[in-house]
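These notes are about the structure you will find just below.
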Amino acid sequence: MKCLGSQLHSGFDFHPGYLDRAEQEALLATLQPLIQAAPFFRPTMPKTGKTFSVEMTNLGSLGWVSDREGGYRYQATHPVTGLPWPQIPDMLLTLWRQVANYPILPEACLVNLYRVGAKMGLHVDGDERDPKAPVVSVSLGDQAIFRLGGPQRGGPTTSLKLSSGDVVVLGGASRHFYHGIDRVLSGSSSLIPGGGRINLTMRVVG
Ligand code: MD3
Ligand code: FE
């Protein structure tokens, strides 16, 4: 267990290099047909309709979506194809059982794709009803500069480089901390065809 400075004992658990290169390749190969069935879409912000720079899709019985009209929410179907999301593969559920330390399996796995220039501003994940359930994040491909703050916007933050194969468990208080992706280091990994970074976050929606 590795802790970060002021986030000591916050429930933030960082597992650098949890998946080796062969496991990363196997996970990506497993994801490929699922992403084919549920292609990446670009969510839009509630009210303004501004598009995210990150592309998204989901796996599981529920997926996170956002658009101008409906706002942030979980729903059972892909917003473009109208089809149910593909199931979360066993490989990911096994990883959840290994690291989450939580008795309920995730209903949702949000898949974020960062191509050149994509980033994610500081935010709190607040659309899940179970406040005790952790989020488990898996990074694949290019390295990213992850920023973790505290429970309030404007408080101190620390940054951490996330590399392909790294797993982060956001449990306890850290589950409700501000966080974001400042930038992706383009060309830092050869894993993803066409370059970029994929982040998977498994969530109990509740
Ligand atoms: C800290 N994703 O999808 S993953 C997100 O790399 C999201 O794509 C980032 O933030 C990414 O909402 C960060 C690590 C992560 C995920 C969820 C968290 C950190 C978190 C929830 C609470 C606190
Ligand atoms: Fe988040």
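The values are calculated or read from the model by the stated rules, or taken from the named source; none is laboratory data. Just so we're clear, the structure is a prediction, and the values are computed from it rather than from any experiment. Quick reminder, even Gly has a Cβ in these numbers, built from the backbone with ideal geometry, and neighbours come from all protein chains shown. When the accessible area is computed, the model is the full protein with side chains, heavy atoms only, and any ligands, DNA or RNA have been set aside. Shrake-Rupley method; radii C 1.70, N 1.55, O 1.52, S 1.80 Å.
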Requested in this report: Could you order GLU107, GLU23 so the one with the most accessible surface comes first? Probe is 1.4 Å.
Outcome: GLU23, GLU107
Requested in this report: Mind listing the long-range amide H neighbours of SER188? Cut-off is under 5 Å, sequence gap 5 or more, other chains count too, H placed in the peptide plane at 1.01 Å from N.
Outcome: GLN143
Query raised in the report: At a 1.4 Å probe radius, carbon and sulfur cover how many percent of the accessible area of the stretch 6-203?
Result: 55 percent
Query raised in the report: Taking a probe of 1.4 Å, how large is the accessible area per residue of the stretch 6-203, in Å²?
Result: 47 Å²
Query - Cα extents of the stretch 1-94 along the three principal axes, largest first (Å) - result: 42, 35, 22
Query raised in the report: Just how much of ASP166 is accessible, in Å², when a 1.4 Å probe is used and the result is rounded to the nearest 10?
Result: 10 Å²
Query - 222 nm mean residue ellipticity, helices alone, for the chain (DSSP H n ≥ 4; -39,500 (n - 2.57); rounded to 500) - result: -4000 deg cm²/dmol
Query - Sorted peptide list for 64-74, 30-40, criterion being average Cβ within 10 angstrom, highest first - result: 64-74, 30-40
Report summary line: Reported to the nearest 10 Å², SER190 has, with a 1.4 Å probe, an accessible area equal to 90 Å²
Query raised in the report: What is the Cα radius of gyration of the chain over 2.2 N^0.38 Å, N being its residue count?
Result: 0.95
Query raised in the report: Taking springs between alpha-carbon atoms closer than 10 angstrom, which of VAL138, VAL54, VAL99 fluctuates most in the Gaussian network model of the chain?
Result: VAL99
Report task. Find out how many positive minus negative residues lie around THR48, taking Lys and Arg as positive, Asp and Glu as negative, among other residues whose Cβ is under 13 Å from that of THR48. Result -> +1
